[in-house]
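S.K.: Structure below; questions to follow.
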Amino acid sequence: MKKTRIVIIDDHQLFREGVKRILDFETNFEVVAEGEDGSEALAIVEKHQPDVVIMDINMPTLNGVEATAQLIAEFPDTKVIILSIHDDENYVTHALKTGAQGYLLKEMDAEQLVDAVNIVAEGGSYLHPKVTHNLVKEYRRLATTANSKTSGRKEIEIRRPLHLLTRRECEVLQLLADGQSNRTIGESLFISEKTVKNHVSNILTKMNVNDRTQAVVVAIKNGWVEVK
């Protein structure tokens, strides 16, 4: 089985070692190199040719967003996941516009880190559930404002997509929009994480999207979920 080759760029050694330890538990991952600053990223990527770069956003010499822009320009096939303490949509959208395909908060758990690497390595995008919730909440606010200006309506009617998804899948989709992880969705619905993952996979297939972030965006545009 071909392993996903990973580079970690973070100026905090202890955090970097923690990330590496989590990734080393996965048999399909291989951490091939580490760096302490964005200024090292180009040389490291050129030498090791990783599939995924996990990049801290705040570093002293060259920050993660600037380093990502340089990487994507030089190595367009490289996939970057930004690590950040910031969940503000301005940080997120700036990072994504620069070319990052993932955005994780440093409060992530091991499951979210592993999911992010797998999804991004396969060409999808991944946003931390809290970030996803904040983004769609802002999108909903803007859409509601625009709608009320043009039609006088103050709310978008929520219509569950029962023509497309089962009732349980609609519940899971709503919890994805609420920013919940697979683990917390399982706890909310009293089902296992494996069952949650199966529901999410079915949702993505039925909605013809690549990842959970796209699923939530489509759902919010169609008025299929509430954003609290």
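S.K.: Given the criteria on the phi < 0 side of the Ramachandran plot, outside any helix (DSSP H, G or I) and open to solvent by 40 Å² or more (accessible area, probe 1.4 Å), does residue 107 qualify?
M.R.: So residue 107 passes the test.
S.K.: Inspect segment 79-91 for any residue being charged (D, E, K, R), surrounded by fewer than 17 Cβ atoms within 10 Å (Cβ to Cβ) and without any contact (Cβ under 8 Å) to a residue 40 or more places away in the chain and give the result as yes or no. Give the steps one after another, and end with the answer.
M.R.: Taking segment 79-91 first, the residues charged (D, E, K, R) are 79, 87-89.
Okay, now just the ones that are also surrounded by fewer than 17 Cβ atoms within 10 Å (Cβ to Cβ), so 88-89.
Applying the additional criterion that residues be without any contact (Cβ under 8 Å) to a residue 40 or more places away in the chain yields none.
No, because not a single residue in segment 79-91 is charged (D, E, K, R), surrounded by fewer than 17 Cβ atoms within 10 Å (Cβ to Cβ) and without any contact (Cβ under 8 Å) to a residue 40 or more places away in the chain.
S.K.: Sticking with this one: Does residue 61 satisfy being under 12 Å from residue 9 (Cβ atoms), assigned to a loop (DSSP other than H, G, I, E, B) and without any contact (Cβ under 8 Å) to a residue 60 or more places away in the chain?
M.R.: The answer is yes for residue 61.
S.K.: A follow-up question, please. Taking segment 199-213 as the search range and keeping residues that are in a helix (DSSP H, G or I) and closer than 22 Å to residue 128 by Cβ, which one is most open to solvent (accessible area, probe 1.4 Å)? Break it down stepwise before answering.
M.R.: Within segment 199-213, the subset in a helix (DSSP H, G or I) is 199-207, 212-213.
Still in the list and also closer than 22 Å to residue 128 by Cβ: 199-201, 203-204, 207, 212-213.
Details: 199: 36, 200: 16, 201: 62, 203: 1, 204: 32, 207: 23, 212: 32, 213: 17 Å².
Selected residue: 201.
S.K.: Could you check segment 1-31 and list, in sequence order, the residues that are within 18 Å of residue 68 (Cα to Cα) and in contact with a Lys or Arg (Cβ under 7 Å, 6 or more places away or on another chain)?
M.R.: 8, 10
S.K.: Any idea how many residues of segment 139-177 are among the charged types (D, E, K, R), under 23 Å from the mean Cα position of the chain (by Cα) and modelled with pLDDT under 85?
M.R.: Matching residues across segment 139-177 total 2.
S.K.: Let me ask something else. Kindly indicate the residue of segment 39-60 that is in contact with a helix residue (DSSP H, G or I) (Cβ under 7 Å, 6 or more places away or on another chain) and of a type in the set (Val, Ile, Thr) and also farthest from residue 122 (Cα to Cα) among those meeting that condition.
M.R.: Applying the filter and picking the extreme gives 57.
S.K.: In addition: Just wondering, is there one or more residues in segment 42-63 that are among the small types (Gly, Ala, Ser) and open to solvent by less than 10 Å² (accessible area, probe 1.4 Å)?
M.R.: no
The values are calculated or read from the model by the stated rules, or taken from the named source; none is laboratory data. The structure presented is a predicted model; accordingly, all values stated were derived computationally and were not measured. Because the Cβ atoms are built from the backbone with ideal geometry, glycine has one as well, and the counts that use them run over all protein chains shown. Each accessible area value is taken on the protein alone, full model and side chains, heavy atoms only, with ligands, DNA and RNA left out. Shrake-Rupley method; radii C 1.70, N 1.55, O 1.52, S 1.80 Å.
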